[in-house]
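A short write-up of the structure that comes next.
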Amino acid sequence: MASGVSVERAAVQGGIGCCKTSIHELESASRSLLHSYQQAGAGGWKDQKYAALGSIVNECCTALTKPVSELQTCMKKLEELLKAIGAYEETNL
């Protein structure tokens, strides 16, 4: 174990908050992009260029949501770290 290592509860909680915010923003951006594309189609725009744009929109939505699973994994690890910090702080030596 490394000596002199210090992890503050607030820093870990901040990291968890960043993960949550990032997940929310990425998912929201993906939904918004798809909704805007669908609105254009509902407005009567359904030609070849619309179909080509659909492929681009799908690629963008996939790219936006791809990091979500990694962020969720990171958030779970940070939550485990937070529990470990809590257990350590409760230990009386």
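Tabulated results
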{"read-out": "Phi to ³J(HN,Hα) by Karplus 6.51 cos²θ - 1.76 cosθ + 1.60 over the range 19-31, Hz, x for Gly, Pro", "value": "4, 4, 5, 4, 4, 4, 5, 5, 5, 5, 5, 5, 4"}
{"read-out": "Helix axis angle, 68-90 relative to the chain longest principal axis, alpha carbon, degrees", "value": "20"}
{"read-out": "Structure-based [θ]222 nm, the chain - -39500 (n - 2.57) summed over DSSP H runs of at least 4, per residue, nearest 500", "value": "-28500 deg cm²/dmol"}
{"read-out": "Relative contact order %, the range 26-93, counting alpha carbon pairs below 8 Å whose residues are six or more apart", "value": "44"}
{"read-out": "Option label - Kirkwood radius over Cα pairs in Å computed here, alternatives [x] 16.3; [y] 13.8; [z] 14.8", "value": "[x]"}
{"read-out": "Karplus-derived 3J(HN,Hα), 6.51/-1.76/1.60, for each residue of the range 37-49, Hz, glycine and proline x", "value": "5, 5, 5, 5, x, 5, x, x, 8, 9, 9, 4, 5"}
{"read-out": "Given charges at beta-carbon only (K, R positive; D, E negative), |dipole| of the chain in Debye", "value": "300"}
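No value in this document is a laboratory result; all are computed from the given coordinates. Nothing here was measured: the structure is a model prediction, and the numbers come from that model. Glycine also receives a Cβ, built like all others from the backbone with ideal geometry; neighbour counts cover every protein chain displayed.
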